[in-house]
There are 2 protein chains.
Amino acid sequence: MKDTTDFLQTGLDTLNDIIPKKLHQQLQFILEMDKLKHVMRRSPLLDQSRTENDAEHSWHVATLALVLAEYAAPDVDIGRVISMLLLHDVVEIDAGDTFLYEESAFADAKEEREQRAAERIYGILPMDTHQRLKALWLEYEKCTSKEAKFAMALDRLQPILHNYFTGGGTWRSHDVTVQQVLSRQHVIEEGSAELGRFTRQLIDDALKKGYLKEA
Amino acid sequence: MKDTTDFLQTGLDTLNDIIPKKLHQQLQFILEMDKLKHVMRRSPLLDQSRTENDAEHSWHVATLALVLAEYAAPDVDIGRVISMLLLHDVVEIDAGDTFLYEESAFADAKEEREQRAAERIYGILPMDTHQRLKALWLEYEKCTSKEAKFAMALDRLQPILHNYFTGGGTWRSHDVTVQQVLSRQHVIEEGSAELGRFTRQLIDDALKKGYLKEA
């Protein structure tokens, strides 16, 4: 039988007296991050055995940045892009995953929910680590820098790949239309002209193959 | 019923005629990466509901690098550390996860198995991306640079955290002794004196609490 002792709290209590406060706070944050492995997305894995979770997705998009670095604008700092992508969904530990095409009160309150989540989660960290990591997340959210634009493009591209290469994925299961997908496609073009062009080709072919509905 | 059409191969065949060969090869690699989400490790998630997979683990250790950057040696390029950590387990798509304390013919053949896996998997990429990514993996494996040493320290630290904060984890389920853990602990000290000291405190307390056996 599973031992249900709260080993996590016991451990943190013990270490509180032994290790520096700063490291203790960083450790709490690291342990909190484990919860992202339980936040499920809508996108299917390529073998369609299940949907993916936020931790897997975050790893996959960060890896996309490494592989596709050459399609970013000149002088984009790929290290920053990757750092943003590692953190971009952390707020979903509290705020949950919001489906891109959802129209609901839940979707409308996304920003407020994520702001509150960021306060709590990054607030676990000691001040300097807090400021450094939250600044990366805010840069991504505001999407003003070249780095954030490329990161966001990859975050949009990855589920499109999963939908296309599973014969429709969430496009089919959620009755998504080609107009809906095209209306969000500019984010990819703004991050990378070449990947934007590629995505348009994927969408055209998805329509042709019936993975996406016309209207 | 699940549609069992091979949408992945169909998509790659279609795109073969449409997109540049280089991007097509990069795309194949990106799709191949999805398989890392199915490679299961021994370490439990902190809520003990299941063990974690390699994609989740890779994201978590890369995030550790971001949070714990200050404990690296001076002038360590954290971007390179993170890039190595994103890729460090990719060979396990073919080679499988080898438990750190396993003594078997399977464990003995780990290096050869991983070399073969690297040939095939990085070989999917176009030449320049191949060379860039494989060089990062080799740097990690050989563990000669400061960046590789810090990356490897974090790769060792993360499962220790999972074992400690679940009341023993794989230490208990696999009858691991404190001597076995200490014999691998130098890797953490070599990557970071401060994290090495912290790990030793964790191990001491784990022994005290009975999470680890004496001999």
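The values are calculated or read from the model by the stated rules, or taken from the named source; none is laboratory data. Keep in mind the model is a prediction, meaning the values are calculated, not measured. Glycine also receives a Cβ, built like all others from the backbone with ideal geometry; neighbour counts cover every protein chain displayed.
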Residue under evaluation B:T166, criteria (1) at pLDDT below 95; (2) in contact with a Pro (Cβ under 6 Å, 6 or more places away or on another chain); (3) among the hydroxyl-bearing types (S, T, Y), criterion not met: (1)
Qualifying helices (runs of 4 or more DSSP H) (wholly inside the stretch B:107-215; at least 1 residues being within 18 Å of B:V90 (Cα to Cα), touching a strand residue (DSSP E or B) at 6+ places or on another chain (Cβ under 9 Å) and within 12 Å of chain A (Cβ to nearest Cβ)): B:146-164
Among the residues listed as B:L157, B:L136, the single one being of a type in the set (A, V, I, L, M), farther than 25 Å from B:P44 by Cα, crowded, with 21+ Cβ neighbours inside 10 Å and at pLDDT 95 or above: B:L136
Members of the stretch A:43-75 found to be surrounded by fewer than 21 Cβ atoms within 10 Å (Cβ to Cβ) and more than 10 Å from chain B (Cβ to nearest Cβ), listed by number: A:T51, A:A73, A:P74, A:D75
Single residue of A:K142, A:K134 found to be more than 14 Å from the chain's Cα centre (by Cα) and more than 20 Å from A:M33 (Cβ to Cβ): A:K142
Test: B:L36 is more than 9 Å from chain A (Cβ to nearest Cβ), in a helix (DSSP H, G or I) and under 30 Å from A:L8 (Cβ atoms): no
Hits in the stretch B:33-42 - residues which are crowded, with 18+ Cβ neighbours inside 10 Å and at pLDDT 95 or above: B:M33, B:D34, B:K35, B:L36, B:K37, B:V39, B:R41
Qualifying residue in the stretch B:38-54 (condition: hydrophobic (A, V, I, L, M, F, W, C) and free of Cβ contacts under 8 Å to residues at least 12 places away in the same chain): no
Qualifying residues in the stretch B:160-179 (those that are polar (S, T, N, Q) and touching a helix residue (DSSP H, G or I) at 6+ places or on another chain (Cβ under 9 Å)) - the one surrounded by the fewest Cβ atoms within 10 Å (Cβ to Cβ): B:T177
B:F99 touching a residue at least 24 places away in the same chain (Cβ under 8 Å), under 16 Å from the mean Cα position of the chain (by Cα) and surrounded by fewer than 17 Cβ atoms within 10 Å (Cβ to Cβ): yes
Complete set of residues in the stretch B:8-32 that are part of a helix (DSSP H, G or I), among the aliphatic types (A, V, I, L, M) and more than 24 Å from B:D89 (Cα to Cα): B:L12, B:L15
